[in-house]
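Let me begin by presenting the structure, written as structure tokens, before commenting on it.
What follows is calculated from the coordinates using simple rules that are stated; it is not laboratory data. Here the structure is a predicted model, which means the values were calculated and not measured. When we count neighbours, we look across all protein chains shown, and the Cβ atoms used for this are built from the backbone with ideal geometry, even at glycine.
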Amino acid sequence: MGMPKTLAQWLDYIERQHPKTIDMGLDRVRAVAARLRLKKPAKKVITVAGTNGKGSTVAFIEAIARAAAWKTGAYTSPHLLAYNERVRIDGADANDDDLVAAFEAIEAARGDTQLTYFEYGTLAALWLFERSGLDLAILEVGLGGRLDATNLIDPDVAVITTVDLDHQDWLGEDREVIGFEKAGIARAWKPLVLGDDDPPASVLRHAYAIGASAIRAGCDFFFDTPSGHGNRFNPTDAVPPGAGRWTWREIGCALELPLPRLAAPVQLRNAATAIAAIRALGKKLPAGAIAEGVASAHVAGRLQHFDRAGVEVVVDVGHNPQAARELAAWLAKAPTSGRTTAVFAALGDKDVRGVVAALAGRIDAWHLAGLAERGPRGLDVEGFAQRLEGTAAAGGQRHAGVKEALDAALAAAAPGDRILVFGSFHTVAGVLRELQVPA
């Protein structure tokens, strides 16, 4: 077989170029970047790490910057329906031809250096950004931070949204160790924005050691909800979309803003963190840009709603206990008149028992699905159900795939019921195309 020509052929090719899906470290990607002569991808760079909320925070930053008429690039992962989603320039997904050109350049430069799928993708995004004359590039960390391929670039502002337990096999078994890995994106004498009210001590120690300026939620910037909870905002203090406004403030500045289009309670925290990050760049923002960006930011698969004959279907990519707690908080504050059914599928390296424990009190029935086709991390439904023995989900109906589980849940639902589809990006991707076709 000759060299790949189409984007689909390239994606198949790069998936087979490294024996491991994940192989953390910067040596390989740095060597190839040097051969590509990659420079800074934009005039300013913000890098976003965190256990949850990275994609939404990137979306808020991007939307605010675009409302300010800045030319922006955003690199995110994973994608839901098409690889092109991972690279956005001026709000538009990269086209196939541009991605193919980037992969061709990387292949010509890499020599015998093996790159992972994610490393290829990161270099492709940086290569495209550098050629686009960007005012701002926003890079979402894939895994951890310190050894992630995105950490090849020195950001002007680093952001850590949250630190909680996920990917423990790679990042460590507690928040302190995981926090140190995420803090690796910080740079000396540059701002480090922290979305947690109580970040791990390891993050603050690292910031102090390198002279990074920590800008902390609840200390340096605050957000007041319409219900008056102030900087002590809790994810359970949800406000229905459109119910009012909220205030972002720091010393000497207060902004009254519309509520985010993104509906989850935690999105106020993500929006507040994004505002702190973009203000930390020190660039002047036109009046109204922050309000416009907060109101318009949207990310697929984050409490995305569909209606099927009076049944509300909500899809969310949440896949760890912290995200599940946020889902439970939203369910508590947005009750439905009928029953709530879960369609749940997750990868084999996730704390699925912790996820179920967080949501059990809000779910009336469970439909479990397999993700066996998702490589070594995937589980068939029997293996998945075995991991859930002893939990509230253990007796749920079992289905080979997510589509079959959703179809069964819809068949059993009545108008006024709600179906929550969650557990993985793969879970959401498995039903999103079908749901986006009008019923």
Computed E for ARG35/ARG261 - FRET, C-beta separation, R0 41 angstrom, nearest 0.05
0.45
³J(HN,Hα), Karplus 6.51/-1.76/1.60, whole Hz, each residue of the range 184-193, x for Gly, Pro:
x, 7, 5, 10, 4, 6, 10, x, 10, 8
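Using only helices, what value at 222 nm comes out for the chain when you add -39,500 (n - 2.57) per DSSP H run of length 4 or more and divide by the total residues, to the nearest 500 deg cm²/dmol?
Numbers: 15 runs with 158 residues, N = 439.
For the chain, the value works out to -10500 deg cm²/dmol.
Kindly state, to the nearest 0.05, the FRET efficiency for ARG131 paired with TYR13, given R0 = 22 Å and r defined as their beta-carbon distance.
On the way: r = 22 Å, r/R0 = 1.01.
That gives a FRET efficiency of 0.50.
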Rounded to the nearest Å, what's the spacing between the alpha carbon centres of the range 302-360 and the range 35-95? Just the number, please.
27
Calculate how many DSSP beta bridges within the range 304-436 are antiparallel, expressed in % of all such bridges and rounded to the nearest 5.
25
Can you give me the distance in nm between label points at ALA209 and ASP174, each placed 7 Å from the Cα along the Cα-to-Cβ direction?
1.7
So who's got an amide H within less than 5 Å of the one on VAL193, skipping anything under 5 residues away but keeping other chains? H placed 1.01 Å off N, in plane.
ALA158, VAL159, ILE160, ILE215
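For the cross-link pairs LYS43/LYS283; LYS43/LYS284; LYS71/LYS284; LYS40/LYS284; LYS190/LYS283; LYS5/LYS40, which exceed 19 Å when the distance is taken from alpha carbon to alpha carbon? Present the calculation step by step, with values, prior to reporting the outcome.
Numbers: LYS43/LYS283 11 Å; LYS43/LYS284 14 Å; LYS71/LYS284 14 Å; LYS40/LYS284 21 Å; LYS190/LYS283 14 Å; LYS5/LYS40 28 Å.
The pairs that break the limit, which is 19 Å between Cα atoms, are LYS40/LYS284; LYS5/LYS40.
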Segment ASP112-GLU382, length gained on full extension (0.36 nm per residue, minus Cα span)
93.1 nm
Find how much the distance from THR6 to ASP27 grows on full extension, using 0.36 nm per residue of separation minus their present alpha carbon separation; answer in nm with one decimal.
4.7 nm
Grab the beta carbon distance between ARG308 and THR247, set R0 = 35 Å, and tell me the FRET efficiency rounded to 0.05.
0.40
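Let me know the shape class of the range 49-108, please: from the alpha-carbon gyration tensor, a ≥ b ≥ c as square roots of the eigenvalues, rounded when a/c is under 1.5, otherwise prolate if a/b is greater than b/c, or oblate.
Working: a/c = 2.26, a/b = 1.46, b/c = 1.56.
Oblate, since a/c reaches 1.5 and b/c is not below a/b.
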Classify the range 31-187 as rounded, prolate or oblate from the Cα gyration tensor: take a ≥ b ≥ c as the square roots of its eigenvalues, call it rounded if a/c is under 1.5, otherwise prolate when a/b beats b/c and oblate if not.
oblate
Length gained, ALA69-ASP154, 0.36 nm per residue minus C-alpha separation, equals 28.2 nm
Projected label distance in nm at SER296 and LYS403, using a 7 Å step from Cα toward the beta-carbon:
3.5
Let me test this: with uniform point scatterers at the alpha carbons of the chain, what is the Debye-based log₁₀ I(q)/I(0) at q = 0.06, 0.10, 0.12, 0.13 1/Å?
-0.24, -0.70, -1.04, -1.22
Of the trypsin sites (Lys or Arg not before Pro) in the range 265-328, those whose Cβ has at most 12 other Cβ within 10 Å and which sit in DSSP loop:
LYS284
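If you restrict to DSSP beta bridges whose two residues both lie in the chain, what percentage is antiparallel, to the nearest 5?
On the way: 19 of 57 bridges.
In the chain, DSSP labels about 35 percent of beta bridges as antiparallel.
Not counting the cut sites, what is the longest span of the chain without GluC sites (Glu not before Pro) that DSSP labels loop and that have at most 12 other Cβ atoms within 10 Å? If you can, show how the numbers build up before the last one.
Details: sites that count: GLU173, GLU373, GLU389.
Answer from the scan: 174-372.
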